[in-house]
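The values are calculated or read from the model by the stated rules, or taken from the named source; none is laboratory data. Computed from a predicted model, the values in this text were never measured in an experiment. When we count neighbours, we look across all protein chains shown, and the Cβ atoms used for this are built from the backbone with ideal geometry, even at glycine. Surface accessibility is based on the protein's heavy atoms, side chains included, excluding ligands, DNA and RNA. Shrake-Rupley method; radii C 1.70, N 1.55, O 1.52, S 1.80 Å.
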Amino acid sequence: MVITIPLVLLLAAVLALLLRFRALGAGAAVAAVLFGFYLAGTGAGDTVNQLVTAVTGALAGTGR
């Protein structure tokens with residue numbers, strides 16, 4: 001049985017935990033989210049997407 005979790009959901013949970021334990025302020029969280037939106041709209045968005053896909057593929061391959 002394979003359980004998949006969307007990367008956005010995982011990153012949202014990490015951000016929520018950082019806010020909960022006050023390791024990240026609300027202003028920094030907003031800045032991180034906005035940076036992600038703006039980064040996705042640039043030419044670097046495709047490169048970041050390919051990098052994340054490669055890393056998640058490599059991590060999935062190590063469990064077999």
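General remarks:
- Extension gain for ALA12-VAL30 works out to 5.3 nm (0.36 nm per residue, less the C-alpha to C-alpha distance).
- Solvent-accessible area per residue for the chain (1.4 angstrom probe, square angstrom): 86 Å²
- The portion of the accessible surface of the chain made up by carbon and sulfur, rounded to a whole percent, is 72 (1.4 Å probe; DNA, RNA and ligands excluded).
- Distance in nm between pseudo-label sites at ALA44 and PHE21 (7 Å out along the Cβ direction from Cα): 2.7 nm
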